[in-house]
Every structure is written in C-alpha cells, then in structure tokens.
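The values are calculated or read from the model by the stated rules, or taken from the named source; none is laboratory data. Model, not experiment: these values are computed from the prediction. Every residue, glycine among them, receives a Cβ derived from its backbone with ideal geometry; neighbour counts consider all protein chains shown.
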C-alpha cells in the first residue's frame, strides 16, 4: 500500500508519518517512510547549498525508491509536501503499476503556525519557501475525485498520538469497503507494464548506489528502451531480460 502525505513544510508531516510507520510495523506490515529530504541528505553538498539543477535527480530517485519498495510488497509512506495535484498523480500512477492500494493523508495548519514552528527549529527551511508553497498548494480533493484524502488533520490542534490513531482508524474503515482505490493488472496498457518493469530495474540499481550522472543515463536508456520494446512487441520476460543486460552494460562501462 502507498500512503501519500501532503501539506506545506513544517506542519509535522514527518513526525506523524514516522509514528504511523511504527504502528503499522506493530501490526505486521513492513513500512518504509520515503521522502525527498532523505535523498537530499545523501548529498551533503546539496544540504549546504541548494542546487536547483539536482532537483530532477532527487525527485526521480525518490520515485524509483517508492516504486522499488512497492514492487517488493512493502507499505510505503510518501513523506513530502506533494503540493501539486501532478505530484500526487505521479505517486498514484506508481501504485497503479504495482497493483496496490493508495490513500492520501492531508496534514495542514495555518501558515503562521508553520513559520513559527520553523523558527523554533532554527529555520531549516527558508520562510519564503514555506510561503510560496502555501500560496501554490493544490488542496487535495478540491478538483479531482481520485485526489480525495481519506483524512485531513489540523496539526495545530491535534496531538501526535491522536493524529496517528485517526489515520489508522480511517485505513481500517476504508479498506474492507474497497474505498481505497485498487488498480488491477488488467487495466494496464502495454506501455505501462513495460514502464513498470524497467522502472523497477532502475530503482533497484539506484537503491544499491549511484550518482546523478548514472541516474540520468539510466533514465534516458529506460525511455528509449520502452519505445523499442513496444515496437518489437517484446514479452515482459524479454523486457526484463534485455533491459537488465543493457543496464549491466552501462554499469560495466561506468566501472572502467
């Protein structure tokens, strides 16, 4: 299952997401919290000085990791602002390709509260970034039915334990009723099936280690291979075998 958190920075999403993961683990559901900040911390220079040029790599690596973990049957919590509909749609598409459920959790608070909490933490996020995301934020469920959150939590008035308990209750209530949308493999087109297989292979490689340059090369290779596989009408087994070989060739080239 994919649980998509969204909300402006500094409203407590990470605290709630991590506590929720612990509670899900207690229920026997291996759960991973994945966020772009975790990927940024792998690049110390990026933390010291923000580089917009790296953001596409950060995003793609984050999505690959989500895809990889879902493919392994894990529960994944996306711990990001996910402030545009399109960002949430990208994650939902990954859930769809992996034939798994998704649920959106909206964590909100007055922007003044977020700015205050950010100040108390030494302003790790530039205040203008919080303000800008607040102004551009697409409230989930306002435009699209697929974007409807299972719960909206005002973190300025809700204690951590209460927030987690509420989310767990909503997950328990929704799943038996089938209200957390499930996508079946029969609904996938050929391109999506091939896309899922190749993304998983790239995600596995990047999860084991790789830099921005390698990620760009593999992404370019993957896009061109998807087109080729469709033209040649390759089976999924052939896709996995041939694409794995091509990725291996790239890795061997990187090693020399």
message = I'm told residue 11 meets every condition in (1) farther than 22 Å from residue 174 by Cβ; (2) not in a loop (DSSP other than H, G, I, E, B) except one. Can you identify the failing condition by its number?
response = (2)
inquiry  = When the residues of the range 19-36 are narrowed to those that are in contact (Cβ under 8 Å) with a residue 40 or more places away in the chain and more than 14 Å from the chain's Cα centre (by Cα), which ends up nearest to residue 68 (Cα to Cα)?
reply    = 30
note = When the range 101-157 is checked residue by residue, the ones that are over 22 Å from residue 91 (Cα atoms) and assigned to a strand (DSSP E or B) are 154
request  = Please state which one of 145, 119, 132 is over 13 Å from the mean Cα position of the chain (by Cα), farther than 21 Å from residue 9 by Cβ and without any contact (Cβ under 8 Å) to a residue 12 or more places away in the chain.
outcome  = 145
query = Within the range 55-76, is even one residue modelled with pLDDT of 90 or more, within 14 Å of the chain's Cα centre (by Cα), buried (at least 16 other Cβ atoms within 10 Å of the Cβ) and in a loop (DSSP other than H, G, I, E, B)?
reply = yes
inquiry  = Looking at 22, 105, can you tell me which residue is touching a helix residue (DSSP H, G or I) at 6+ places or on another chain (Cβ under 7 Å) and in the same structural domain as residue 162 (by TED's automatic domain parsing)?
reply    = 105
request  = Only residues that are in contact with a helix residue (DSSP H, G or I) (Cβ under 6 Å, 6 or more places away or on another chain) and at pLDDT below 85: list them for the range 207-235, please.
outcome  = 207, 212
task = Please name all residue pairs, on different chains or six or more residues apart, with Cβ atoms under 6 Å, provided the first residue is in the range 44-63 and is outside the structural domain of residue 204 (by TED's automatic domain parsing) and farther than 14 Å from residue 210 by Cβ and the second residue is modelled with pLDDT under 75 and in a helix (DSSP H, G or I).
result = 46/54
